[in-house]
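These notes concern the structure reproduced below.
The values are calculated or read from the model by the stated rules, or taken from the named source; none is laboratory data. Please read all numbers here as calculations on a predicted model, not as lab measurements. Virtual Cβ from ideal backbone geometry, glycine too; neighbours counted across all protein chains shown. Side chains are part of the model used for accessible areas, which takes the heavy atoms of the whole protein and leaves out ligands, DNA and RNA. Shrake-Rupley method; radii C 1.70, N 1.55, O 1.52, S 1.80 Å.
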Amino acid sequence: MEAGSREEPLIVAKDIWKIYDGGYTALSGVDLEIYGGEIHVLLGENGAGKTTLLKILSGAIRPSRGSIFIRGERKIFRSPRDALKQGISMAYQGSSLVEGLTAGENISIVARAAGINGDELGKRVMKTMEDLGYQLDLRSRVSSLSPGEKQALEVSIAINAGRLAVLMDEPTALMSTASSQLLMKLLREHADNGKALVITSHKIREVAEIGDRYTILKRGTRVATVTRRSLDGGSVIDTLIKHMSPQGLETYSLDISGAIDPGEEILYVDNASIADDRGIEVLRNTSFRLRRGEILAIVSIDGRGVKEICEAIYGLRRLRSGKIYVKPGTRIRYIPSEVSRASIPEMPVAINISMRSIIGGRISLLDLEEIVSSANRIIEASRANVPSIWKPLKSLSGGNARRVIAWREAMDNPDLLIVEEPTANLDIASSQSIAMLIRSTASRGAGVLVVTSELEDPLRIGCKWLILEDGTLLDPRSSKRVGTIPGAL
Amino acid sequence: MDLPSISGFIGSLLAISTPILLIASLELLVQRSGVINLGVEGAMLVGAFTAYVVTLYTSSPLLGLLSAIALGSLVSILFAIMAVYMRLDQIVVGVSISMVSIGLTSYLYRLIVGYGSPPKIQSTLIDALAPFLRSIPIAGDTLFQTPLTPISLALPIAFWLLLGRSLVGAIIKASGEDPSRACRLGVNVAMVRTILLALEGIASGAAGALLSIGYYGSFLENMTAGRGYLAVALVILSSWSPARLLPTVLIFSLIEVAQLRLQASGIIEIPYQLALSMPYIFTLAILAISSGGKKAPRSLGSSEYEC
Amino acid sequence: MPARSPRLVTGLLIVVLAPLLAISILSLFSGVNAVETIYWVFWGGFSPTQIPETMLRATPILITSFGLSLAYLARIWNIGSEGQILLGAIATAWIGLHLGGLGVIGVIVSTIFGGLCGALWASIPGLLRAYRGANEVFSTLMMNYLALYLASYLLQGPLRSPTSLFPETATLSRDLWVEPLIPGTRVNAFVLLSPALIAPATYILVARSTLGIKLRVIGEGAEKARYFGIDAGKAIVATMFLSGFLAGIAGSTEVLGIHHRALPSISQGYGYLAIPVAVIASLEPRLILPLSIYLGGVVNGVEVAQMNLSIPSGASYIIQGILLIASLPMAMRR
Amino acid sequence: MRNSILGSTVIVLIIIAAVLSLYILGGALSPSPQKGSSVASPTARSIKIAVIYVTPIDEPWNQAMHEAMVWARENLGITYSYVERISEADVERIIRQYIQTGYDIIIPHSWGYHQTTIKVAKEYPSVSFAQGSGPTDIEYPRNVLVYDYWIQEAAYLAGIAAGKLTKSNLIGVVAAYPVPDVVRLINAFAAGAKSVNPNVKIRAIFIESWFDPVKAKEAAKALIASGADVIYGDSYGAEQATEEAYRSGRTVYFFGTIIDYSKLAPNTLVASVVWDLRPFIKYLVELKTNGTWVGGILNWGIKEGWAKLVWNPSFAQRNQALVADVERVKQDIIEGRVSVPIIEDWDPKRWG
């Protein structure tokens, strides 16, 4: 079906600007038209402004300039509440439900804001969850759900709460592949009922088949909006990628012949069990080893345990049982999935880059020369876009900040590097360069442990990998429990 | 102990606990919504002062109570403007408001009433309602120490129900757990907090009025003497649970009453300073044992959030 | 670090102007000319003859806010300085009574001893926060009350001077008195040394040292501190210890330099006055000296205005509270 | 954030505007800049007296002085200026400022000031000082007169009445702090009670605050609950407990201190132990105008009329015999036949 020409657009965003406090311009004059009954896909690299645009449409943040029209009438959203009242709902990246409350309480709060009956919304959400392959008890606390379940719940609520339009930011990032496919089917049904659905995703393959129209953003401006029908018969993906980066992209195939011979063993996880904050075991009686020069990826199918395993090995989290042996004197560095856990976002980029040496040393005067030179070194290596090293780290876009921190950690001569979700929320180019960083760190003789929920990551990096399912590590080739395979590693 | 002295003991207990319980119940809701309001001390003092001055000039304790409520909530709303809307540090704003209130009430007292032994008001709040209260059978004299005592006892129970099983309760909890996310769910966090603070101001004003025109019949500089701060501390001691608030406040008041009776009985020779510091030592000990922070509303004390 | 917020300038203006506004309104209430009040406030605080007294008043504020600014950098909200000053003062007087005849060594020992007692007192809420998760705002507030009672017990009981009918210790032996250096004033060595030492020390530690950044990391929470390899618990206790130490020293200087004995009223709210100064100093350490002097002057000046114009003394609480609030717009960095 | 910057700018502007308008208003509103000011008005030859208080004038010890000074301003034509809440650290500056502005008599009205008074008095021998209490065993300069709260004789008389009135033989005392001048009165009161009723027991509660009426009231209630039928209170609030007991049908007598409590506790008050400083101020003014100022320690008592036992009129009417008995002892004290013990430390065991 073709929505474009049929009628007036449902929502029009006109000349939207967003300049953050630090001076970072996230959007510069973006126009967007959204029609009823269409699935509208937003594409773009990290920092392109997709999330910001969705947040402006949902009332979560206010544009610095520009206006939003609904059915031709100008509206000002002061908060998500205003948008909900107008029938526009949003599912945020990951999840943004209140963790301490039950699913039912979250639902009734949304229902009230959207002006719907809470019980009815609850029923519809349960039905949607079922359609996505999840069982939901309205009385269970959100904090007790798995990341995948949380995301599914977030999406289910948004889909049912938005009468007019549903905005979804990376809705499938943490969902299982099966559920993602079910969701795509569901989206189509809702679109056929006349709702507008706006969705962002880095997984181009997934959305390539379902979008009616695609808007491509780059550095805060709109590059193009294409309707699916107008795409030539060939591969939708190729066309989209061409739009996104005209010079084309490297393929995934990587040369892994350069890997050095594995050296001495620096990490031995011995029959360890690790629990998450709620006490649920995410790793059960498991052993594995890592040597210098080796890269090992652990892929958690449902996203559980990623953070916990990294934290346990880095030493931030206690084991429930078992032991982790790290060779004495081993220098461990850790790139967490969220920048804020490894930095002070309010402090200048340069200070954040030198944070390790500042804190590791004795109390002394700051060596500004040293700070500037290491900042320049890291920024150059990471190719992050940093306007000034004395601006706060938070003034950078998420992807650039992540690069700075990742390179800081990897270039601090680690013996063991832990990388959590190397490509989460990163665009293709950034993902590629993180993969290169991991490989070069290993080739310098460090052991690298990658823990991720993204199946493509080991491929991208080109390394050994294991599957984490229900607290157990499995060999992807045999699907056998690793602990029982002698010499698996 | 014979029956009248037991009833006297319970009476003293309730007299001490009523104002604290009134404030603490509302402070519990306020803290569950993510705000820690140390300005209650100021609101209470302003309430005590207003009630006294109005009663002195109109001879109507009820009018005094009403104006105390009005000005108490005004102080609380002032706190809300600074801590919720301007997002200034809640704790410093609270302490400052209390400090300004001490100064302002003593200053205005001097200008309006004069200095020295304060003129007594004609009839206290309790006098005004005494015939009615006494006529309540069985527990009239003990339980109904003040007209607000039954209300103060009922509040924690009501709030326990409110937080446990109502939409309003969910909205309050959401604001305190994660205001950014609550906002995304369509909650007007600032409004929720402001309304609760205004209600707390009403309670603080009434509690202050109890002190000045209820128990004592007059006003003295800083006559609340830290009772507001105490109420805030007791909320923390009760781990933010309305069910635990009632016993916590009563136990605390019991220690206070027992401490005075202990001195009065002359049985044990302890430095009186030790007796007087008991409540604070007790508070610190409970803080130490209960490892308080864990159950706290996650955003308690922080004014910054975004949608 | 170059990043400077424009808030600082507006914030500073608010701090300077808000008390003046408050004074003016209060004068209008009591029918006194606001201009005249402000004249007396400034005359009493900042006229050349009054400057030595203002410096005297600013000294404990300066010393205390130095320690507090480090704690606030780590977002450890110690508001218990008042009690720490008091106990530091009593400890100084107590040990000073045993050190008569030692002269300068006695002064140094008793100053440090006072600091240590303030530090130990501050460590208790530090330990509670670090290992029991107890909110330090409450525990320090409670510790203030406890300090008052403890002081009352000590000064009325074991430490009371046998010759005094009032709660105070005996007077220290003459050689422990830190005497005025400038004739005709009460400006002693502490008053001269503190600005010279503390103002630059604050600047260097807060803005130009690795300690400042370490403290900021601690302020980001235990988890982030552990990420960078800092034991947040130990660091919190150490920070509280340090800020308590300086508050204790402030108490010592009052005993050795002015009173030569310990009294219950030794701290004139210095522990509270230091809070706004420290909040600002943790953001812009260069302001610690001018602000301490400004506050000291305003507080002195309000007294003089009160004396000359019969303004009720409640005014000084109002001014202190308003100064606290006024310092806040600068401190918003959560 | 942007809003907060905007916000603070607006605040600054408002403050500037407000300060400016206050300056203008202030100028317009007050007809004379001298209004309320006592410094700049050196009226013809009137004695200028300055009093420095360590706490607010509302506190009874200060209130007694302030009322006498206000009386003196109206009746003796003196100039009176005062400051409250002046710490020991600041009193030197304040005294010097008063001297510089030409005050004749400086009254530092607190024990804690005595060292500073001695120091400054030595520098200004022509200025007269009246120091409100201080150690009696040290030397004062010749221009310093030391006075103290010597009203224990009146407290002793109150104790006699209490000893006769109690049926339970338990007398409760609610006091602020166990400091000597408070304790001296309690001990004299207890001695008076013991002198007529050896079985009487005294039990005191110190509430550690000059101003906490609620605590004082609860303390008094606790005493009443443990059997006391007479309450001696030196702190606001205790009288409320006796009045409440009266309303519930129990008779508990009350004695007040320093100020007259007859309006505060009309039903239960027996008498108040009052400190009247008017004769003292009159005496100071006379000394100064006659140029006969002498230093030393002033030792006045009930004879000079500054310690008084003021009966509650309604009680006195009903109990004329008791009043007459007590008044006889008063005469004995004045004529030196009875001497009242002076005990300045608090030992709970002393009075059983």
Nearest-0.05 FRET efficiency for D:Ile138 and D:Glu74 at R0 = 35 Å, using Cβ-Cβ distance, is 0.45
At 4 °C and 1.567 mPa s, what whole-number value in µm²/s does Stokes-Einstein give for the translational diffusion of chain D, with Rh from the Kirkwood sum over Cα pairs? 58 µm²/s
Under a plain spin-label model, where a point goes 7 Å from the Cα along Cα-to-Cβ, how far apart in nm are D:Asp332 and C:Glu223? 8.0 nm
Placing one equal point scatterer on each C-alpha of region A:11-244 and summing with Debye, one gets log10 I(q)/I(0) at q = 0.09, 0.13 Å⁻¹ equal to -0.35, -0.75
Between C:Glu168 and residues 5 or more places away or on another chain, the pairs with built amide H atoms under 5 Å apart involve C:Ser161
Calculate the dipole size of region C:22-331 relative to its Cα centre from +1 charges on Lys and Arg beta carbons and -1 charges on Asp and Glu beta carbons; express the result in debye to the nearest 20. 660 debye
Could you run the Karplus curve 6.51 cos²θ - 1.76 cosθ + 1.60 with θ = phi - 60° over region D:105-116 and give me ³J(HN,Hα) per residue in whole Hz, x for Gly and Pro? 10, 10, 10, x, 8, 7, 3, x, 8, 4, 5, 5
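Based on DSSP, what percent of beta bridges with both residues in chain A are antiparallel, to the nearest 5?
Numbers: 39 of 76 bridges.
Antiparallel bridges make up about 50 percent of those DSSP assigns within chain A.
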If one computes the Cα centroid of region C:139-153 and of region B:65-102, what distance in Å separates the two points? 26 Å
Among A:Ser79, B:Tyr305, D:Tyr53 the positive-end extreme of the charge dipole of the protein assembly as shown (Cβ point charges): A:Ser79
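So, with +1 on the Cβ of K and R and -1 on the Cβ of D and E, and no other charges, what is the size of the charge dipole of the protein assembly as shown about its Cα centre, to the nearest 20 debye?
Details: 133 positive and 121 negative charges, 269 e Å.
The dipole magnitude comes to about 1300 debye.
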Between the alpha carbon centres of region C:60-93 and region A:387-410 the gap in Å comes to 37 Å
Rounded to whole Å, give me the distance from the Cα center of region D:268-340 to that of region A:85-128. 79 Å
Counting other chain Cβ atoms within 10 Å of each Cβ in B:30-39 and taking the mean gives 1
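If you take the alpha carbon radius of gyration of chain B and divide it by 2.2 N^0.38 Å, what ratio comes out, to two decimals?
Values: Rg = 19.4 Å, N = 307, 2.2 N^0.38 = 19.4 Å.
In units of the 2.2 N^0.38 Å rule of thumb, it is 1.00.
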List the residues, sorted by chain then number, that are 5 or more residues from D:Thr79 or on another chain and whose placed amide H is less than 5 Å from its amide H. D:Ile47, D:Lys48, D:Ile49
Options D:Ser133, D:Val70, D:Thr116, ranked by Cα towards positive dipole end of region D:48-147, top entry (Cβ charges): D:Thr116
Once every Cα of the protein assembly as shown carries one equal point scatterer and solvent is ignored, give the base-10 log of I(q)/I(0) from the Debye formula at q = 0.05, 0.07 Å⁻¹, two decimals. -0.47, -0.86
Just checking the output field for D:199-206: average partner chain Cβ neighbours within 10 Å of each residue's Cβ? 3
Take the Cα of B:Ser7, step 7 Å along the line toward its Cβ, and report every residue of region B:199-214 whose backbone nitrogen sits under 11 Å from that point. none
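Over all residues in A:98-105, what is the mean tally of Cβ atoms on other chains that come within 10 Å of each residue's Cβ? Don't skip to the end; give the middle numbers.
Working: counts 16, 4, 7, 10, 1, 0, 1, 9.
Taking all residues of A:98-105 together, the mean is 6.
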Set Lys and Arg Cβ to +1 and Asp and Glu Cβ to -1, take the dipole of chain A about its Cα centre, and tell me which of A:Ala114, A:Val326, A:Gly162 lies farthest positive. A:Ala114
Could you compute how much accessible surface A:Asp119 exposes when probed at 1.4 Å, giving the result in Å² to the nearest 10? 120 Å²
If I model a spin label as a point 7 Å beyond the Cα along the Cα-Cβ vector, how far apart are those points for B:Leu63 and D:Asp347 in nm? 5.7 nm
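Compute the Cα gyration tensor for chain C, then decide on rounded, prolate or oblate, letting a ≥ b ≥ c be the square roots of its eigenvalues: rounded whenever a/c is under 1.5, prolate when a/b is larger than b/c in the other cases, and oblate in all that remain.
On the way: a/c = 1.60, a/b = 1.04, b/c = 1.54.
Because a/c hits 1.5 or more and a/b fails to exceed b/c, chain C counts as oblate.
When the convex hull of the Cα atoms of region D:48-147 is projected onto a plane and the area is averaged over all directions, what value comes out in nm²? The partial results should precede the final answer.
Details: hull surface 23.5 nm².
Hull-based average projected area comes out at 5.9 nm².
By DSSP, what percent of the beta bridges with both residues in the protein assembly as shown are antiparallel, rounded to the nearest 5? All intermediate terms of the calculation are to be shown ahead of the outcome.
Working: 46 of 119 bridges.
Once the DSSP bridges in the protein assembly as shown are tallied, antiparallel ones form about 40 percent.
What's the magnitude of the charge dipole for chain B around its Cα centre, counting Lys and Arg as +1 and Asp and Glu as -1 at the beta-carbon? Answer in Debye, nearest 20.
Working: 16 positive and 14 negative charges, 118 e Å.
That gives a dipole near 560 debye.
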With just the Cα atoms of region A:265-484, tell me how far they stretch along each of the three principal axes, in Å, largest first. 53, 38, 35
Amide H of A:Lys464: which non-local residues (sequence gap of 5 or more, or other chain) have their own amide H closer than 5 Å, using H built in the peptide plane? A:Ile295, A:Ala297
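Among DSSP beta bridges whose residues both lie in region A:265-484, state the antiparallel percentage, nearest 5. Don't skip to the answer; put the middle values down first.
Details: 17 of 36 bridges.
Of the beta bridges lying entirely in region A:265-484, close to 45 percent run antiparallel.
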Between C and D, buried accessible area summed over both sides at probe 1.4 Å, in Å² to the nearest 100? 4600 Å²
Using a cut-off of under 11 Å, list every residue of region B:177-208 whose amide N is near the label point 7 Å from the Cα of B:Leu167 along the Cα-to-beta-carbon line. none
